[in-house]
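Starting off with a structure, shown below.
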Amino acid sequence: MSENPKPPVAKLERTSITIHGEVREDDYAWLRDRENPEVIAYLEAENAYTTATMRKTEPLQEALYKEMLGRIKEDDTDVPVRRDNWLYYSRTEQGKAYPIYCRRVDADGSPEQVIFDQNAVAQGHTFYQLGGFEVSPDHRYLAILEDTNGYEDFLLRVKDLSSGAWLTDSADALGFGLAWASDGRTLFYQTTDAAKRADQVWRHRLGEARASDVSVYHDADPLFNVGVRRSRSGAFVILTSSSFTSAESWLLDAHAPERVPRLVAARAADVEYDVDHGAEWLYLFTNRDDARDFKVMRARVEDPAAWSEWLPARDGVFVEGVDVFRDFAVVSERERGLRRLRVTDLNADESHYIDFPEPAYGVSLDENPEFATRTIRFTYSSLITPDSVYDYHVAGRTRELRKRDEILGGYDPSLYRVERLIAPARDGAQVPVSLVYRAPLARDGARPAILYAYGAYGHIIEPTFSSARLSLLDRGFVYAIAHVRGGQDMGRGWYDDGKMFGKMNTFFDFIDCADHLVAERYTSRDRLVAHGGSAGGLLMGAIANLGGDRFHAIVADVPFVDVINTMLDASIPLTAQEWEQWGNPAEAEAYAYMRKYSPYDNVDRKTYPRLLVTSGVNDSRVAYWEPAKWVAKLRTHKTDSHVLLMKMNMGAGHGGATGRYERLKEVAFRYAFMIDQVI
């Protein structure tokens, strides 16, 4: 192999269409045909070029991998979760890539029962992930959904936990999600349409052929996704259908699974709701009646459409959801960008908050399957505090630390600092930035830095801990998260202002955060790396065109970069429902707006930052050809000699490799690229 390998050049094969009076030419549409040997040959050539270019970093990759692995307690056990008189937990063993799922009776000296060893079933597969894992209410059966190639077409399997034998029950090409009826013999699953949209919920009786399964709910509207879950109370199997702007739910009697489901409230334009059950009441998390930042209403179980207000909307408080137990309810709220938990005693109608001390943190409720509990379990973390599992005793208002992830090698959190900055956006918005670094920090611009963001679908990137990230911090990096518009970090308006015809705000927010970090001398442009994936990869592609001079390097994982071509083709998985996120380019106004930022359409003859692009050939969410086409076009247009690499996983999907060791190797590769560019 040459010391200076030459990048592959994709052939030009021009196609064109005319839309809204514009002729759209595409030289690389041929890359969509994965059955074409030339396509595979091109992807493999890109991988070979990446391997050759990164060979000089292989010692660094190995060092990073060993560092990150060395911090992990390989033999570890989760805090057990109580379900009736059983304690369920998972554990890991040294040298094994996947968890081992176990249970034992809640009694002193009771033996462990391994109910599912993911290492054993993953043998022979280069990829293995679960899309569902549900034990029946009588604790006899385990139902799983497994995917062995990354395309997220799941296979249903059922195991008899009393005998250890797998049943003959099976169904393939399923979507995420499973729910048991109370009889422990009836199981609900979901199927997807040709565009991989979850559109039907089915009822299956153990021992019966799939051909006998009954469709209990079907939504033909391409903008809506269906879902299924069992309520914590055990009274209902809840069927849902939701788009980005509307929703409805149906209640199916879990004790009589063959009955017809009851509608809670019919869908209405711009009205979202989700439902949870508690005794005689249904609790509804909703934005109805112009509650932009949501509120909680409730309705009698016997009259689910008659809603009354329970927790009103409040200025500056974004309600994220409600979890209902027999005697209390927990509302997850967000104020000034940080989550807090509001606990309400349903008998006394009294509320209090669980507070958290650090300037930037993440907290989330755990599974909490017991309805009659008096204890809440949550996980707390910050940029310097490892994941910490707490049991909160509601009556005494005390918290008990059950487990904090042990970071091997002598981790000392006092060596690091967390800050929460506010970066001024060009239109006056105030954008939060969470950052962490190793102290002391001289604000002289000499530190390398990584700026990360996602910025879509209302998804919030919480400022939580990563032991792998220590390998960057200990090499002097500042790590920053830009809480840009498009997420719901600052409420629903923050999301609304970063989608559809406000999408450019996401990109400009990120650029303005980068400018703020440089202006405040946390870093400098020649030492700043941008990072994002999926919809955050769209952000990376857009800022490469709009503000690439702010960044020395960009890492774009599974990037959604061919926005217009994808949104014009409703046969591509997930496209139609995304029209409420990005717009439908078949409409002239939406097309004109998307034309301003679609990364593939705006590649120009100019200088670009150093780029690493990753993808998976089996990705069903962002098709592999989007990054492949983008890289091919960049190679023929960019006017610089900066490195441009594409790493295509030929056996995985959107989430990359499975198994903790392979995942760490992917992180080590990514970090080695970043370090090599700026240190």
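The values are calculated or read from the model by the stated rules, or taken from the named source; none is laboratory data. All of these numbers come straight from a predicted model, not from anything done at the bench. Heads up, the Cβs are rebuilt from the backbone with ideal geometry, glycines too, and the neighbour counts pull from every protein chain shown.
Scan segment 196-245 residue by residue and report those that are of a type in the set (A, V, I, L, M, F, W, C) and either in the same structural domain as Asn368 (by TED's automatic domain parsing) or assigned to a loop (DSSP other than H, G, I, E, B) (or both).
If we filter segment 196-245 for residues that are of a type in the set (A, V, I, L, M, F, W, C), which is where we start, we get 198, 201-202, 206, 209, 211, 214, 216, 220, 223-224, 226, 228, 235-239, 244.
Once the filter is applied, which keeps residues that are of a type in the set (A, V, I, L, M, F, W, C) and either in the same structural domain as Asn368 (by TED's automatic domain parsing) or assigned to a loop (DSSP other than H, G, I, E, B) (or both), segment 196-245 yields Leu206, Ala209, Ala220, Leu223, Phe224, Ala235, Phe244.
Just one of the numbered conditions (1) within 23 Å of the chain's Cα centre (by Cα); (2) hydrophobic (A, V, I, L, M, F, W, C); (3) under 30 Å from Asn47 (Cα atoms) is not true of Leu528; which one?
With (1) within 23 Å of the chain's Cα centre (by Cα); (2) hydrophobic (A, V, I, L, M, F, W, C); (3) under 30 Å from Asn47 (Cα atoms) applied to Leu528, the lone miss is (1).
All but one of (1) in contact with a helix residue (DSSP H, G or I) (Cβ under 8 Å, 6 or more places away or on another chain); (2) within 23 Å of Gln123 (Cα to Cα) hold for Ala668; which doesn't?
Failing condition for Ala668: (2).
Inside segment 438-453, can you point out the residues that are free of Cβ contacts under 8 Å to residues at least 60 places away in the same chain and surrounded by 13 or more Cβ atoms within 10 Å (Cβ to Cβ)? Before you say what the answer is, go through the steps one by one.
Initially, segment 438-453 is screened for residues free of Cβ contacts under 8 Å to residues at least 60 places away in the same chain, giving 438-440, 442.
Once the filter is applied, which keeps residues that are free of Cβ contacts under 8 Å to residues at least 60 places away in the same chain and surrounded by 13 or more Cβ atoms within 10 Å (Cβ to Cβ), segment 438-453 yields only Arg438.
I'd like to check something: does segment 1-23 contain any residue that is of a type in the set (Asp, Glu), touching a helix residue (DSSP H, G or I) at 6+ places or on another chain (Cβ under 9 Å) and surrounded by 14 or more Cβ atoms within 10 Å (Cβ to Cβ)?
Taking every residue of segment 1-23 in turn, none turns out to be of a type in the set (Asp, Glu), touching a helix residue (DSSP H, G or I) at 6+ places or on another chain (Cβ under 9 Å) and surrounded by 14 or more Cβ atoms within 10 Å (Cβ to Cβ).
Which ones in segment 602-620 are farther than 29 Å from Asp153 by Cα and in contact with a strand residue (DSSP E or B) (Cβ under 8 Å, 6 or more places away or on another chain)? Spell out the reasoning first.
Step one: filter segment 602-620 for residues farther than 29 Å from Asp153 by Cα, giving 602-611.
Across segment 602-620, the qualifying residues are Tyr608, Pro609, Arg610, Leu611.
Here is a list: Arg621, Arg605. Which entry is outside any helix (DSSP H, G or I), of a type in the set (D, E, K, R) and touching a helix residue (DSSP H, G or I) at 6+ places or on another chain (Cβ under 8 Å)?
None of the other options fit; the residue is Arg605.
For Glu74, work out the one condition from (1) surrounded by 13 or more Cβ atoms within 10 Å (Cβ to Cβ); (2) in the same structural domain as Trp630 (by TED's automatic domain parsing); (3) in a loop (DSSP other than H, G, I, E, B) it doesn't fulfil.
Failing condition for Glu74: (2).
For residues that are over 24 Å from Asp138 (Cβ atoms) and among the charged types (D, E, K, R), scanning just segment 163-211, find the one that is surrounded by the most Cβ atoms within 10 Å (Cβ to Cβ).
Asp199
Hand me the list of helices (runs of 4 or more DSSP H) wholly inside segment 484-550 holding 3 or more residues that are touching a helix residue (DSSP H, G or I) at 6+ places or on another chain (Cβ under 9 Å). Walk me through how you get there before you give the answer.
Working: elements: 492-496, 503-519, 535-547.
Passing ranges, in order: 503-519, 535-547.
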